[in-house]
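**Q** This is the structure I want to talk about, given as structure tokens.
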Amino acid sequence: MAAYQAAITITGQNIANVGNPDYTRQSGRLASVYSGAATGTISPGIGVRLDSLQRHTDAAVESRLRLAYGMRSGAELTYQTLSRVEALYNELSEYDLSSQLNEFFKSLADLQTDPLETASRNLVVSNADAIIRTLQRQRSGLLDQIHDLNAQTEAMTRSANGIVEEIAKLNALVVTTEARAQGGSGALRDRRDALLRQLGELIDIQTREHENGIVNVYVGSEPLVDFDRTRGLTTVTTVENGLERTSIRFADNDGSVILRSGRLAATVAARDVHLVGQLEQIDQLAGALIYEINRVQTSGRGLVGYTSATGTYAARSATAALNSTAAGLPFPVQTGTFFVHIRDQSSGQTITRMIKVDLDGLNNDDTTLTDLAAAMNAIPGLSATLTPDNRLQLNADAGWEFSFSEDTSGALAALGVGTFFEGQNASTMAVQAAVRNDPRLIAASRSGAPGDGSNAGRLAAVGDVASALLGGLSILDFHSGLTSRVAVVARSAATEHEAADAVYSSLLTQRESLSGVSLDEEAINLTKYERAFQGASRFLTVVDSLTDELLTLVGT
């Protein structure tokens, strides 16, 4: 009777936890109780006992389920991140960057048709500002997402650390409880399995269970939980190329945690591969647009010249060759020439001088910033000096103005003298203050004649010309490829998430078929054990009655 009462209790426990997703179905193993000969040589036994309590679980399925859970969660985070990037780029709308680039180059083409039209020049500046605002909005949006992922990394690491600490405590409780009563740790084991699944969602883990019920946890080949001890997890934030990046470390020795799958691995990959990669490409695109427009701008002439100009880019060393790393200019310079035109504003008299830039690496006479300033200072009516931070500064004599043309060296663009844009990337990009204040400085002409718009035509073609800064792609092609790749990777992430979800659902079904509670099955067991209990009770009643009769007969 005691055995079947215990079996009924186990069935009741299963029924009570039918809605508990973390519960593992249990069953009792009944075994006959052996005895010696009861009557003569006959030994039918003396009843039944509850021999053991079994949890219906499969370690292999649990391990695969944890891995699938982590992969599904990681794929979901990657897809969400890329979807936000797609929304940030806002392609196929009237406000997307590709449309604004096309409008900018179209306005330059219109300027070629009528270079004297003030409205056309103002439109060029306005369209350039629209591009700058969009690039900076996109860059700011990517930085916000990087910051969010850093914060998520910290939060998930704290959560993971709390989980491993609880697993370590449960290990000790399981051992203690099992020592008191076999099978008494079922609820503790269920809780620990649920925690392992939660941890597996965050980090790719492996487990090893011992005979005494202890489960040790590993990340790669590194132990994380050993019986009731844990190494702990923490985060460290470092700055790389001006970007903060949060990484996961072991708390006991600051060792790196190898992340292969799971939500934390996806968070780090989404930040370091997708977002940082997009940020670098946005800056690369902006840098190429700045340089290529500036090169053509410094190869033409505006309706008016400059009375003074100071380069926006400083050299680290004024005595180093302009194309050397020691000079540290942000854009490339090569051997070539450019022309400087000095014009008397009252008479129109013009003095033109060619400046050579020698960077062939021969005879140790490569052009330095100091050499360039000296050569330009020798031009009548022009003063060329260097600022304390090694920027080229030009000033025309009173009543004179200067302009440039046909720069084949790229030196003026690399120094930021007489350019259309300033800055080096999307965050620092801006229209030169001089051009903004006086759009007549836009170099629409190659000859300097008022009606000449030939250089504006060259500016309008910049978007379709291959750029060395973009790996041989044009600005428009590079941007098109950038947005297309985001769409492709986002679609791939969505497919991966769907596949991971299907695998997870399949494994969850397998687990439920083994570990889940079936009310129909438990109802059958309950009826069976109830009838057995009733039968055993009836048996005892009969035995008791027979015993009383026997005692009555003996007494008479």
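**Q** Just by accessible area at a 1.4 angstrom probe, what is the order of Tyr69, Tyr306 from largest to smallest?
**A** Numbers: Tyr69 50, Tyr306 25 Å².
Reading off the accessible areas and sorting them downward yields Tyr69, Tyr306.
**Q** On to the next question. Taking θ = phi - 60°, what integer Hz values does the Karplus form 6.51 cos²θ - 1.76 cosθ + 1.60 yield along the stretch 419-427, in sequence order, with x for Gly and Pro?
**A** Result, ordered by residue: 9, 8, 9, 10, x, 10, 8, 5, 6 Hz.
**Q** In addition: What does the highest-first list of 286-293, 356-363, 390-397 look like by mean Cβ count within 10 Å? Show your work: numbers first, answer last.
**A** Working: 286-293: 24.0, 356-363: 13.9, 390-397: 19.2.
Top of the packing list down: 286-293, 390-397, 356-363.
**Q** Could you pull out every one of the lysines with an alpha carbon less than 21 Å from that of Lys106, ignoring same-chain neighbours closer than 8 positions?
**A** Output for Lys106: empty list, no partners.
**Q** Using each residue's phi in the stretch 465-476, evaluate 6.51 cos²θ - 1.76 cosθ + 1.60 at θ = phi - 60° and report the 3J(HN,Hα) Karplus result to the nearest Hz, with x for Gly and Pro.
**A** Running phi through 6.51 cos²θ - 1.76 cosθ + 1.60 with θ = phi - 60° gives 8, 4, 10, 5, 6, 10, x, x, 8, 7, 4, 5 Hz.
**Q** Related question: Please report, in debye to the nearest 20, how large the charge dipole of the stretch 303-373 is about its Cα centre when each Lys and Arg carries +1 at its beta carbon and each Asp and Glu carries -1 there. Could the numbers behind the result be given before it?
**A** On the way: 4 positive and 6 negative charges, 50 e Å.
Here the size comes out at about 240 debye.
**Q** Separate question: If Arg29, Arg343 are ordered by their accessible area, calculated over protein heavy atoms with a 1.4 Å probe, which sequence runs from highest to lowest?
**A** Numbers: Arg29 135, Arg343 85 Å².
Largest accessible area first, the list is Arg29, Arg343.
**Q** Now a separate question. What accessible area, in Å² to the nearest ten, does a 1.4 Å probe give for Leu149?
**A** 10
**Q** Right, another one. For the stretch 165-225, what is the charge dipole size about the Cα centre, in debye to the nearest 20, if Lys and Arg each add +1 at the Cβ and Asp and Glu each add -1 at the Cβ? Walk me through the intermediate numbers first.
**A** Details: 7 positive and 10 negative charges, 46 e Å.
Approximately 220 debye in magnitude.
**Q** Along each principal axis of its Cα atoms, how long is the stretch 454-509 end to end? Whole angstroms, biggest number first, please.
**A** Per principal axis, max minus min of the Cα coordinates gives 71, 17, 8 Å.
**Q** If you don't mind, another one. Quick check: the angle from helix 2-16's long axis to the longest principal axis of the chain, C-alpha only, nearest 10 degrees?
**A** 30
**Q** Give me the percent of the accessible area of the chain that comes from carbon and sulfur atoms, probe 1.4 Å, all protein chains in place. Spell out each step's value before the answer.
**A** Values: 13570 of 26410 Å².
Here it works out to 51 percent.
**Q** Beta carbons within 10 angstrom, averaged per residue: use that to sort the peptides 140-147, 499-506, highest first.
**A** Going by the mean number of other Cβ atoms within 10 Å, highest first, we get 140-147, 499-506.
**Q** Mind pulling the angle between the C-alpha long axis of helix 276-297 and the longest principal axis of the chain? Nearest 10 degrees, somewhere in 0 to 90.
**A** Around 10 degrees separate the two axes.
The values are calculated or read from the model by the stated rules, or taken from the named source; none is laboratory data. Please read these numbers as outputs of a predicted model, since none were measured by experiment. So basically every Cβ, Gly included, is an ideal-geometry build from the backbone, and we count neighbours across all protein chains shown. Side chains are part of the model used for accessible areas, which takes the heavy atoms of the whole protein and leaves out ligands, DNA and RNA. Shrake-Rupley method; radii C 1.70, N 1.55, O 1.52, S 1.80 Å.
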